[in-house]
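Engineer: Below is a structure I'd like to ask you about.
The values are calculated or read from the model by the stated rules, or taken from the named source; none is laboratory data. Only a predicted model underlies this, so the values are computations on that prediction, with no experimental measurement involved. Note: ideal-geometry Cβ built from the backbone for every residue, glycine included; neighbour counts use all protein chains shown.
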Amino acid sequence: MRFIFLRHPETTANEKNLIYGKTDYPYTKRGQQQFEEALDYVERFRFDKILTSPLGRAYELASAVASKMSKELIVHEELEEMNFGIFEGLTEDEAMIKYPDVHQAFVESFETTLFPEGESFDVFKNRVEGFVNHYRQSEMDWLVVSHGGVIRTAIEYLLDNKSGLSWHLEIGNCSIIEIHINEGKPSIIKNILNP
């Protein structure tokens, strides 16, 4: 079976380097171009069904791919980006100034720090791993349209890497990463950044 991970196009929050997960922002002009390029490029891949985050920046692209390729689209809340709570919509510097205690706690213990009005990385990681476990048992090939944090965490889990290592992976907007799982062993087949 295969997972083909596709990150959503660039948004205005990406452009401004904002911290965001649950909040939706519109595509930039570059994001609109990435959308069109990804829509054409993804046709090169073979997959059975599409799994997507319900958040607009991912869902809009997934829906367009499903329509164009006549594929079933399945929405999963588990594929939503991490909820950064009170940090949503802030830059790193703004978060540090406005919520210094929470920011320091996150720096010192990123896995267990609960963002007020949001979630902790542990909770986020567990839901992504639960999603991966459910679908890795399938014989189907899946296109997964989601977010940078979700994709990094899923890849880290599939490759059995140390927790937190995935945050060092650069997964650009509209990147495509294909992972094959043969006899329970995963391998990265393609890593196509910004088609």
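Engineer: For region 158-177, name all the residues that are at pLDDT 90 or above and aromatic (Phe, Trp, Tyr).
Structural biologist: none
Engineer: What residue, among those in region 26-68 that are touching a residue at least 60 places away in the same chain (Cβ under 8 Å), under 22 Å from GLY149 (Cβ atoms) and assigned to a strand (DSSP E or B), is farthest from the chain's Cα centre (by Cα)?
Structural biologist: Ranking the qualifying residues of region 26-68, first place goes to ILE50.
Engineer: Only one of (1) over 19 Å from GLU15 (Cα atoms); (2) of a type in the set (Gly, Ala, Ser); (3) modelled with pLDDT of 95 or more fails for ALA105. Which number is that?
Structural biologist: Of everything listed in (1) over 19 Å from GLU15 (Cα atoms); (2) of a type in the set (Gly, Ala, Ser); (3) modelled with pLDDT of 95 or more, ALA105 misses just condition (3).
Engineer: On to the next question. In region 18-27, is there at least one residue being buried (at least 18 other Cβ atoms within 10 Å of the Cβ), at negative phi and out of contact with any strand residue (DSSP E or B) (no Cβ under 7 Å at 6 or more places or on another chain)?
Structural biologist: Checked region 18-27: at least one residue is buried (at least 18 other Cβ atoms within 10 Å of the Cβ), at negative phi and out of contact with any strand residue (DSSP E or B) (no Cβ under 7 Å at 6 or more places or on another chain).
Engineer: Of everything in region 98-128 that's of a type in the set (D, E, K, R) and more than 10 Å from GLY85 (Cβ to Cβ), which residue is surrounded by the fewest Cβ atoms within 10 Å (Cβ to Cβ)?
Structural biologist: Among those residues, the one meeting the criterion is ASP101.
Engineer: Continuing with this model, one more query. Within region 178-187, is even one residue in contact with a strand residue (DSSP E or B) (Cβ under 8 Å, 6 or more places away or on another chain), at negative phi, at pLDDT below 90 and not in a strand (DSSP E or B)?
Structural biologist: Within region 178-187, none of the residues are in contact with a strand residue (DSSP E or B) (Cβ under 8 Å, 6 or more places away or on another chain), at negative phi, at pLDDT below 90 and not in a strand (DSSP E or B).
Engineer: Please go through region 69-93 and give me each residue that is assigned to a helix (DSSP H, G or I), more than 14 Å from LEU143 (Cα to Cα) and of a type outside the set (Val, Ile, Thr), ordered by number.
Structural biologist: GLU77, GLU78, GLY85, PHE87, GLU92, ASP93, listed by residue number.
Engineer: To continue, here is another question. Name, by its number, the condition in (1) over 28 Å from GLU178 (Cβ atoms); (2) at pLDDT 95 or above; (3) aliphatic (A, V, I, L, M) that does not hold for VAL75.
Structural biologist: Condition not satisfied by VAL75: (1).
Engineer: Just give me the residues in region 3-17 being surrounded by 22 or more Cβ atoms within 10 Å (Cβ to Cβ) and either of a type in the set (Lys, Arg) or at positive phi (or both), in sequence order.
Structural biologist: ARG7
Engineer: In addition: Name the residue, out of GLU156, GLU81, that is closer than 21 Å to LYS16 by Cα, surrounded by 18 or more Cβ atoms within 10 Å (Cβ to Cβ) and touching a Gly at 6+ places or on another chain (Cβ under 9 Å).
Structural biologist: GLU81
Engineer: Mind checking which pairs have a first residue in region 7-25 that is among the aromatic types (Phe, Trp, Tyr) and a second that is assigned to a strand (DSSP E or B) and at pLDDT 95 or above, Cβ under 6 Å, 6 or more apart or different chains?
Structural biologist: Close Cβ pairs satisfying both conditions: TYR25/THR11.
Engineer: Just checking, how many residues over region 99-157 are of a type in the set (A, V, I, L, M) and in a helix (DSSP H, G or I)?
Structural biologist: 10
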